[in-house]
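**Student:** I have a structure I would like to understand better, so I am pasting it below and will then ask my questions one at a time.
Coordinate-derived values only; no laboratory data. None of these values were measured; they are calculated from a predicted model. In this analysis, Cβ positions are derived from the backbone assuming ideal geometry, glycine residues included, and neighbour counts consider all displayed protein chains.
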Amino acid sequence: MFAGETEFLKGVVAMNGLPEATRPEVCFAGRSNVGKSSLINALTGRKGLARASNTPGRTQEINYFTVGESHFLVDLPGYGFANAPLAVVEKWQRLLKSYLRGRATLRRAFVLVDARHGIKAVDEEIMALLSSAAVTFQCVLTKTDKLKKGDLDRVLAQVREKLSKHPAAYPELVLTSSEKGDGIETLRAIIAGID
Ligand code: GDP
């Protein structure tokens, strides 16, 4: 359902810009540099699709992609910019909250976490926000190719421990490497199964 069928639909800066809620949708959230563009590109098999919308100036937009006829795939702006102006951060948080609370067709959020770093405070913030908006979320570890197995196991234990405290979190993690292609088919199948 993915390859060659994914198109950029639009970048949204306000709730009234959201496309009509005609399909189930999933969104992707994560700290900037977590590997979100790479993952979306790997998922869709379209190099440059997410990156093209990730250029400065578009980073505060909620970017919509269509997947075939079936789903919307939603790329949320990366969070955790250390030097973003407060006004920009606050505007984006307002839009994010409205989106998460108000989008009836949002079925699941994927929270991307760098496998080297585990869950950080900014990730906890987004998870708390998702929980308060009653959006179920699933944690996707990125860049797993960068770790040795022992180190990965340690991070997995930390991630599982933290997720166990969030009622809105799926216990199953998805382990991915956009570089090697690991976990990509699994994630596609998860999304395809969401209706
Ligand atoms: P974004 O800011 O979350 O969209 O992150 P990008 O997708 O732009 O990735 C940030 C950096 O991590 C880039 O240098 C990527 O090449 C690198 N990266 C992303 N995914 C992987 C991966 O699976 N493995 C490795 N080794 N590097 C990755």
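**Student:** Can you tally the net charge around residue 97? Count Lys and Arg as +1, Asp and Glu as -1, for every other residue whose Cβ sits under 13 Å from the Cβ of residue 97. Mind dumping the intermediate values first?
**Tutor:** On the way: positive: 91, 94, 101, 103; negative: 90, 125.
Computed value for this residue: +2.
**Student:** Also: Which percent, to the nearest 5, of DSSP beta bridges fully inside the chain are antiparallel? Write out the running numbers ahead of the final one.
**Tutor:** Details: 12 of 32 bridges.
Around 40 percent of the beta bridges assigned by DSSP in the chain are antiparallel ones.
**Student:** Quickly estimate the mean residue ellipticity at 222 nm for the chain, helices only: each DSSP H run with n ≥ 4 gives -39500 (n - 2.57), and the total goes over all residues, rounded to 500. Intermediate results must be reported in sequence, preceding the final value.
**Tutor:** Working: 6 runs with 66 residues, N = 195.
Per the formula, -10000 deg cm²/dmol.
**Student:** Can I ask one more? Pull out the extension gain between residue 104 and residue 5, defined as 0.36 nm times the separation in residues minus the alpha carbon to alpha carbon distance; nm, one decimal. Don't jump to the answer; show the numbers that get you there.
**Tutor:** Values: separation 99, 0.36 × 99 = 35.64 nm, distance 2.41 nm.
33.2 nm is the gain from fully extending residue 104 to residue 5.
**Student:** Hey, what's the per residue convex hull volume over the C-alpha atoms of segment 6-192, in cubic angstrom?
**Tutor:** Numbers: hull volume 20.4 nm³, N = 187.
Convex hull of Cα atoms, per residue: 109 Å³.
**Student:** Counting other beta carbons within 10 Å of each residue's own, what order do 71, 117 fall into, fewest first?
**Tutor:** 117, 71
**Student:** Right, something else. Mean separation of Cα pairs under 8 Å and 6+ residues apart, divided by the residue count of the chain: what relative contact order is that in percent? Before the final figure, lay out the partial values.
**Tutor:** Working: 343 pairs, mean separation 46.9, N = 195.
24 percent.
**Student:** Could you sort 109-116, 159-166, 85-92 so that the peptide with the highest average Cβ count within 10 Å comes first and the rest follow in order?
**Tutor:** Working: 109-116: 23.0, 159-166: 15.1, 85-92: 12.0.
Highest to lowest by the protection proxy: 109-116, 159-166, 85-92.
**Student:** Using per-residue counts of other Cβ atoms within 10 Å, averaged over each peptide, order 168-177, 142-151, 32-41, 13-22 from highest down. Write out the running numbers ahead of the final one.
**Tutor:** On the way: 168-177: 17.5, 142-151: 14.9, 32-41: 21.2, 13-22: 12.0.
Going by the mean number of other Cβ atoms within 10 Å, highest first, we get 32-41, 168-177, 142-151, 13-22.
**Student:** Separate question: Once fully extended, how much extra length lies between residue 170 and residue 15, figured as 0.36 nm per residue of separation less the alpha-carbon to alpha-carbon distance? Walk me through the numbers before you get to the answer.
**Tutor:** On the way: separation 155, 0.36 × 155 = 55.80 nm, distance 2.71 nm.
53.1 nm is the gain from fully extending residue 170 to residue 15.
**Student:** Please find the FRET efficiency linking residue 189 to residue 97, where r is the Cβ-Cβ separation and R0 is fixed at 25 Å, and quote it to the nearest 0.05.
**Tutor:** On the way: r = 30 Å, r/R0 = 1.21.
Between residue 189 and residue 97 the formula returns 0.25.
**Student:** Taking H placed 1.01 Å from N in the peptide plane, check which residues at least 5 places from residue 6 or on another chain put their amide H under 5 Å from its amide H.
**Tutor:** Amide H neighbours of residue 6, under 5 Å, 5+ apart: 68.
**Student:** So, one more: Subtract the Cα-Cα distance of residue 161 and residue 32 from 0.36 nm times their separation in residues, and report this length gain in nm to one decimal. If you can, show how the numbers build up before the last one.
**Tutor:** Details: separation 129, 0.36 × 129 = 46.44 nm, distance 2.34 nm.
Gain on stretching residue 161 to residue 32: 44.1 nm.
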